[in-house]
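The values are calculated or read from the model by the stated rules, or taken from the named source; none is laboratory data. These numbers were taken from a predicted model, which means no experiment stands behind them. Here the Cβ positions follow ideal geometry from the backbone for every residue, glycine too, while neighbour counts run over all protein chains shown. When the accessible area is computed, the model is the full protein with side chains, heavy atoms only, and any ligands, DNA or RNA have been set aside. Shrake-Rupley method; radii C 1.70, N 1.55, O 1.52, S 1.80 Å.
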2 protein chains.
Amino acid sequence: MTLDLSVYLVTDPELCGERGVLATVEAAVRGGVSAVQLRDKQATGRQLLAVAVDLARALDGTGVPLLVNDRLDIALAAGADGVHLGQSDLDVESARRLGGPDFLIGLTVSRAEEIALASALPVGTVDYLGIGPVFPTTTKRDALGALGLDAVAALSSSTELPCVGIGGITAQNAASVWATGLDGLAVASAVCAAVDPSAAAAAIKGARS
Amino acid sequence: MTLDLSVYLVTDPELCGERGVLATVEAAVRGGVSAVQLRDKQATGRQLLAVAVDLARALDGTGVPLLVNDRLDIALAAGADGVHLGQSDLDVESARRLGGPDFLIGLTVSRAEEIALASALPVGTVDYLGIGPVFPTTTKRDALGALGLDAVAALSSSTELPCVGIGGITAQNAASVWATGLDGLAVASAVCAAVDPSAAAAAIKGARS
């Protein structure tokens with residue numbers, strides 16, 4: 001399966017609200033989301049596993065991969081397609097060893113040194129990089145200062161790995177982010193908190209020229 | 001390797017203080033600790049992995065198994081011997097599937113129904129149960145009300161699985177806990193916060209008549 005990162009949804013249970021994560025993801029996929037990352041830093045392992053199992057079932061057959069943020073064990077237990085790791089999570093080499101060759105592994109990077117380290121790993125260790133925050137964001141409380149479009153363009157062009165921009169991306173600014181040459185745009189609030197997640201996803205996708 | 005749960009140390013980085021978790025564990029093992037559980041709910045995955053790797057190296061060849069609380073992925077990445085799971089963590093059947101037949105899996109139980117469910121699982125799913133809290137405890141902030149010695153004795157005698165008591169156990173009350181017939185006593189503050197962790201571990205062990 002070719003990895004399509006173009007519209008990459010990061011779920012947030014608070015932003016999804018009463019609609020819930022599952023219904024939000026299903027609507028977003030109808031609108032063109034091509035990859036889904038389950039992210040919930042507050043959930044217990046048991047709760048996260050339950051949501052991951054539901055999402056894996058919903059995405060089965062759609063071609064849209066499911067990744068779990070941080071928790072490789074939960075991803076493996078749920079039969080998810082991969083894990084997304086931050087710089088303070090389990091290292092990607094350990095994750096590759098445990099997940100096997102076909103498991104998807106994404107890594108968040110924010111600095112040139114982090115991209116250089118990731119790019120120097122054996123081919124097949126990391127499948128893609130998440131670069132951000134592109135713009136200021138309130139979704140991820142521990143996020144660093146915004147990089148801005150020029151820095152994101154420079155960072156993504158410094159690696160052969162596919163790159164997804166993340167942080168503050170909306171339907172309004174999506175065209176400017178696409179213009180940096182990224183392989184995909186990651187969105188949380190722009191889709192999770194939208195009245196119509198499907199239309200919001202379609203708008204992000206359609207902003208690519 | 002026969003699993004010796006008799007003096008089961010649960011690490012707490014705050015209680016270990018400046019001495020650190022590694023030095024505390026090394027001293028405690030000299031005093032007779034027979035199993036070590038790395039527990040740190042505040043650490044990032046990366047931090048937890050680093051400590052787990054250090055402990056695994058220190059315990060290698062001692063015959064004392066290392067278990068990691070909650071995080072099966074970190075346990076596997078560090079080459080630890082097992083994982084200890086609570087009722088809100090990854091389920092033990094998923095953990096057994098991912099960890100393989102020789103991986104140690106412990107489960108915290110506090111009620112007769114939880115013990116009945118664990119005991120009804122296929123043989124080899126769970127290696128031991130942690131029953132508690134025996135006494136009131138301040139180490140584990142989300143712990144339930146204390147069970148008391150009579151309830152612990154009744155619970156542990158209701159299952160064929162090895163049982164470790166946990167919660168508020170000290171050198172002073174250890175003899176009374178041993179008298180319930182448990183296979184082991186789990187201690188955190190009684191050893192981690194002791195001036196002499198080795199002597200504290202020896203006192204817990206020596207209280208068994």
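Remarks
- Counting Lys and Arg as +1 and Asp and Glu as -1 over every other residue whose Cβ lies under 14 Å from the Cβ of B:ALA179, the net charge comes to -1.
- Taking a Cβ cut-off of under 12 Å around B:THR125, the surrounding Lys, Arg, Asp and Glu residues balance to a net charge of -1, with basic ones at +1 and acidic ones at -1.
- Of the trypsin sites (Lys or Arg not before Pro) found in segment A:113-209, those in coil by DSSP whose Cβ has at most 16 other Cβ atoms within 10 Å are A:ARG141, A:ARG208.
- With its label point defined 7 Å out from Cα along the Cα-to-Cβ axis, A:ALA23 lies at 5.6 nm from the matching points of the other copies, in increasing order.
- Take the Cα of A:GLN42, step 7 Å toward its Cβ, do the same at B:SER209, and the gap between the two points is 5.1 nm.
- Overall, segment A:78-166 carries a charge dipole of about 180 debye about its Cα centre when +1 sits on the Cβ of Lys and Arg and -1 on the Cβ of Asp and Glu, all other atoms neutral.
- When +1 charges are put on Lys and Arg Cβ atoms and -1 charges on Asp and Glu Cβ atoms, the dipole computed for chain B relative to its Cα centre reaches about 280 debye.
- Dimensions (Å) - segment A:18-76, Cα atoms, principal axes, largest first: 29, 26, 16
- Whole-number percent relative contact order across segment B:52-209, with pairs defined as alpha carbons under 8 Å at least 6 apart: 14 percent
- Here the calculated FRET efficiency for A:ASP150 and B:GLU93, from their Cβ-Cβ distance with R0 = 56 Å, stands at 0.65, rounded to the nearest 0.05.
- Annotation for the B:A interface, with buried accessible surface near 1600 Å², both sides summed [1.4 Å probe; non-protein components not counted].
- Of the trypsin sites (Lys or Arg not before Pro) found in segment B:2-50, the ones in coil according to DSSP and having at most 16 other Cβ atoms within 10 Å of their Cβ are B:LYS41.
- Among A:THR62, B:ALA153, B:SER94 the positive-end extreme of the charge dipole of the protein assembly as shown (Cβ point charges): B:ALA153
- Ranked by how many other beta carbons lie within 10 Å on average, peptides B:186-197, A:168-179 from highest: B:186-197, A:168-179
- Among the residues of B:26-36, the average count of other protein chain beta-carbon atoms within 10 Å of the residue beta-carbon is 0.
- Shortest-first distances to equivalent copies, position B:SER88, nm, label 7 Å out along Cβ: 2.0
- Label point of B:GLY63 (7 Å along Cα→beta-carbon): distances to the other copies' equivalent points are 5.9 nm, sorted ascending.
- Over the protein assembly as shown, the pair-distance histogram of Cα-Cα distances with 20 Å bins from zero comes to 26, 48, 24, 2 percent, rounded to whole numbers.
- Each Lys or Arg adds one and each Asp or Glu subtracts one; over the other residues with Cβ under 15 Å from the Cβ of A:ASP4, this totals -1.
- At a probe radius of 1.4 angstrom, the accessible area of segment A:1-123 per residue rounds to 42 square angstrom.
- Peptide B:86-97, shielding by other chains (average Cβ, 10 Å cutoff): 4
- Of all residues in chain A, the one whose Cβ lies closest to the rotation axis carrying A onto B, together with that distance in whole Å, is A:ASP73, 2.
- On the principal axes of its alpha carbon atoms, segment A:7-206 extends 40, 39, 30 Å, with the longest extent given first.
- The mean count of C-beta atoms from other chains within 10 Å of the C-beta of residues in B:72-81, rounded to a whole number, is 5.
- Just so you know, the averaged projected area of the alpha carbon convex hull for segment B:3-48 sits at 3.6 nm².
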